[in-house]
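Input: a single structure, listed below in structure tokens.
The values are calculated or read from the model by the stated rules, or taken from the named source; none is laboratory data. Everything quoted here is computed from the prediction, not taken from an experiment. Backbone-built Cβ (ideal geometry, glycine too); neighbour counts: all protein chains shown.
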Amino acid sequence: MAAEKRRANRLVHEASPYLRQHAYNPVDWYPWGEEALERARAEDRPILLSIGYAACHWCHVMERECFEDPSIAQLMNRYFVNIKVDREERPDLDQVYQTAAQLLGSGGGWPLTVFLTPELKPFYAGTYFPPEDRHGLPGFPRVLEAVWRAYRERRHEVEQVADRVVEAMRQSYRLMGRVARQGGVPPGKEGSPTAPTSGGPGPTGVGATGVPGAAGDGDAAAAAADWLARAAEKIARRYDPQYGGFGRAPKFPHATAVAVLLRAGAQAAGRGGPAEAWEGTRPGAGAGDGGDRGARQDAGMRGPGAAGGEADGTGSPSRFLEMALHTLQAMALGGLFDHLAGGFHRYATDRTWLIPHFEKMLYDQAQLVPVYLDAYRITGDPFYAGVARRALDFVLEEMAAPEGGFISTLDADSDGKEGAYYVWTPAQLREALGDGDDAVLAARWYGVTEEGNFEDGTTVLHRAVAGEGVPALARRFGLDPGELERRVDDIRRRLLAARRRRTPPGRDDKILAGWNGLMIAALAEAALVLDEPRYGEAARRAADFLLTKLRRPDGGLLHAYRGRPLPVPGFLEDYAFLIAALLELHAADGDPRWLEEADRLARPMIDRFWDAEAGVFYDAPEEAGTPLVRPAELFDQAVPSGNAVAAAVLGRLAVITGDEEYRHIADRFLDCPLYTSPTPPDRPRSHITSS
């Protein structure tokens, strides 16, 4: 019986770690492909489409509760053709069916559960379902039975619903093209920094074009500055003056939103943007605590300087800078930041940034690092450089793939429990540090108590002592502040060594071209700002890997690599983010090869994705076979808008190379009313911060 339960299904042959996690479920899973779709058509069966990713906590919960349950698997196998999709491997499928789920009223998220007709039209959707009715959610067996009965007994109604959803999706994307031509914000895209959908490669990560108006033109520059200030005003409406960030809970690290506030605030305060702040704050030019010595300061050791304390959302436009710095400090001092290994978790489940959702995503590190670097360049405060450095060191230590490039994610769970790898009790501190003062100091510094702040009396580490509390704590232990700093750093290293003896979270070790592009850009910028050659070396190594392993014979890109290049064509974000990274490398080290490679990738990007009539880039190439619609996203989601980054890099290439076609496409995209309106939309787009 045990052997029967462990019989492998088709997913055992897949490369995706997420799909392979489900390879021994009793569910008769198929990967997305013609075999599954043909069976659905031949047998006139509905499709159960389940989309998730390897680091997703609730995906693991639904697997344990439902997909590993033989009785539930029996229902799934009896009624449906069951298809598993890794959203990171096929972002186009996720994009299409998340849109469908929202139209069907389920709201979207992961795991995504969508029921399709054999023609791939969605008619019912949800996210996580429990194994029985619980907390207002229907049990998954009841859902399966009801969907099957509806499909068999009310087929006409099911097909009507499916047809209406598909038509609404097609109208939405047709409208997207009209929006790009005529301006405005499409229905359902109003957005705000409170939604978990903002992103961006950072203020200098995507190129030299972006804000309406040309550099050097006084009137245009003034208009661009005004437009930036208006965008910041909209973002500021959602600012949380007490805890930083936007809205209440959950709180996501909206890198683009913070970058807009930084740039607008620096502009209003007369400090200029990061480019103008550069000369006065580069390492060795008197920035912070002795130039590069300050940049090497451990994140949060002495805490940030006075600039950027709690902002109340009132006063002069320079308050934008205070809002941005307050947010960056709150994220770095709270539980969102890993205080032992460095790096940021995905988001905070609470308003105060204390309790994270524990997975770590490559794209979050890549987008947050440039924002902290800009805060350092604007303020000269080494705190922000320290945060960036620790995030980068975490990536190099734990997310660098041996082949080159960087892996995608670290899981939220270990030993079947969310956050178990990261949390501590006082007893565990004593076990790692002994019964002396070090355990007491660690508990005070990181806020570890007997009651805890998480599950089962455990504590998520955070900076419990900051500001004036630091010298007071030093006096309590008979130390001066410098001695305290060294002792805390020694404690941190010992706790990290003890933590590494625990069962580590799972790793999704596939290498994605687009996410690696974001990371390469961040490393290249950091090499320059922090005067750290090893970051530049890591960026060059990763770029070489992508250009060697994921370049197709026809000059295009593949999307992913895991032991071998995977047969998924590159998406718009893969081209746009990698071109942006190559331009950052060229700016950092002056090697003409990077410019040549960027120019060489621009042409296939235009050929595969640009729609001259609509004035937008599609997100997926035609060869991907994306069903129902060909999506084109103008707004930042968890990663930056591929459209915005593509237009920005073409504008930058036009300036460097003089290529008029690049200039024409960038102007065609960026000069539309959506981008030049005096009233910017609420949701940031990456080109706002790329001038």
Selected residue (only one of W32, W58 is surrounded by fewer than 19 Cβ atoms within 10 Å (Cβ to Cβ) and of a type in the set (A, V, I, L, M, F, W, C)): W58
Looking across the range 409-448 at residues that are over 18 Å from R500 (Cβ atoms) and in contact with a strand residue (DSSP E or B) (Cβ under 6 Å, 6 or more places away or on another chain), the single one that is surrounded by the most Cβ atoms within 10 Å (Cβ to Cβ) is T409
Examine the range 63-78 for a residue that is in a strand (DSSP E or B) and in contact with a helix residue (DSSP H, G or I) (Cβ under 9 Å, 6 or more places away or on another chain), and state whether such a residue exists. no
Residues of the range 370-412 being of a type in the set (D, E), closer than 13 Å to A522 by Cβ and out of contact with any helix residue (DSSP H, G or I) (no Cβ under 6 Å at 6 or more places or on another chain), which ones? D393
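Going by the conditions given, is L473 modelled with pLDDT of 95 or more and touching a Phe, Trp or Tyr at 6+ places or on another chain (Cβ under 7 Å)?
Considered against the rule, which asks whether it is modelled with pLDDT of 95 or more and touching a Phe, Trp or Tyr at 6+ places or on another chain (Cβ under 7 Å), L473 comes out as no.
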Taking the range 462-483 and keeping residues closer than 26 Å to P356 by Cβ and either outside any loop (DSSP other than H, G, I, E, B) or not β-branched (V, I, T) (or both) leaves H462, R463, A464, A466, G467, G469, V470, L473
Go through the residues of the range 121-144 one by one and say whether even a single one is among the aliphatic types (A, V, I, L, M), modelled with pLDDT of 95 or more and over 30 Å from the mean Cα position of the chain (by Cα). yes
If we scan the range 400-411, do we find a residue that is within 26 Å of M62 (Cα to Cα), in a loop (DSSP other than H, G, I, E, B), touching a Pro at 6+ places or on another chain (Cβ under 8 Å) and at pLDDT 95 or above? yes
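Conditions (1) in contact (Cβ under 8 Å) with a residue 60 or more places away in the chain; (2) within 23 Å of W148 (Cβ to Cβ); (3) over 22 Å from the mean Cα position of the chain (by Cα), marked per residue:
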{"residue": "L48", "(1), (2), (3)": "yes, yes, yes"}
{"residue": "A54", "(1), (2), (3)": "yes, no, no"}
{"residue": "M76", "(1), (2), (3)": "yes, yes, yes"}
{"residue": "G109", "(1), (2), (3)": "no, no, no"}
Within the range 549-585, which residues are surrounded by fewer than 20 Cβ atoms within 10 Å (Cβ to Cβ) and farther than 26 Å from L19 by Cα? P553, D554, G555
Have a look at A497, A527, A543 and point out the one that is of a type in the set (G, A, S), in a helix (DSSP H, G or I) and surrounded by 24 or more Cβ atoms within 10 Å (Cβ to Cβ). A543
Scanning the range 237-277 for residues that are at pLDDT below 90, surrounded by fewer than 21 Cβ atoms within 10 Å (Cβ to Cβ) and in contact with a Lys or Arg (Cβ under 6 Å, 6 or more places away or on another chain) gives A277
Enumerate the pairs (first residue in the range 160-174 and within 10 Å of L104 (Cβ to Cβ); second residue anywhere and among the basic types (K, R)) with beta-carbon separation below 8 Å, excluding pairs fewer than 6 apart on the same chain, so at least 6 apart or on different chains. A162/K121; V165/K121
Yes/no for L634 being surrounded by 20 or more Cβ atoms within 10 Å (Cβ to Cβ), of a type outside the set (K, R), touching a residue at least 12 places away in the same chain (Cβ under 8 Å) and touching a strand residue (DSSP E or B) at 6+ places or on another chain (Cβ under 8 Å): yes
Picking from L601, L585, which residue would you name as being of a type in the set (A, V, I, L, M) and in contact (Cβ under 8 Å) with a residue 60 or more places away in the chain? L585
Determine which single condition D44 fails, assuming it passes every other condition in (1) under 29 Å from the mean Cα position of the chain (by Cα); (2) within 16 Å of W148 (Cα to Cα); (3) of a type in the set (D, E). (1)
Which of the residues belonging to the range 295-347 are of a type in the set (D, E) and either part of a loop (DSSP other than H, G, I, E, B) or modelled with pLDDT under 50 (or both)? D298, E310, D312, D338
L340 passes all but one of (1) touching a Lys or Arg at 6+ places or on another chain (Cβ under 7 Å); (2) closer than 20 Å to H57 by Cβ; which number fails? (2)
Give the range 593-623 a look and list any residue that's among the aliphatic types (A, V, I, L, M) and either in contact with a Gly (Cβ under 8 Å, 6 or more places away or on another chain) or within 13 Å of L650 (Cα to Cα) (or both), or say none. L595, A598, L601, A602, M605, I606, A614, V616
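With crowded, with 16+ Cβ neighbours inside 10 Å, of a type in the set (S, T, Y) and in the same structural domain as W148 (by TED's automatic domain parsing) as the only criterion, which of S71, S16 stands out?
It is S16.
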Name the residue, out of V85, V27, that is under 25 Å from G139 (Cβ atoms), buried (at least 16 other Cβ atoms within 10 Å of the Cβ), under 21 Å from the mean Cα position of the chain (by Cα) and in the same structural domain as T127 (by TED's automatic domain parsing). V85
Is it the case that Y30 is aromatic (F, W, Y) and either part of a helix (DSSP H, G or I) or more than 27 Å from V158 (Cβ to Cβ) (or both)? no
What is the one condition in (1) under 21 Å from the mean Cα position of the chain (by Cα); (2) outside the structural domain of L578 (by TED's automatic domain parsing) that A427 does not satisfy? (1)
For the range 16-39, check the following and say yes or no: at least one residue is within 30 Å of L410 (Cβ to Cβ), free of Cβ contacts under 8 Å to residues at least 40 places away in the same chain and aromatic (F, W, Y). yes
Given the options L19, L37, name the one that is in a helix (DSSP H, G or I), over 29 Å from the mean Cα position of the chain (by Cα) and not aromatic (F, W, Y). L37
Name the residues in the range 92-144 that are assigned to a strand (DSSP E or B) and surrounded by fewer than 19 Cβ atoms within 10 Å (Cβ to Cβ), would you? R134, L137
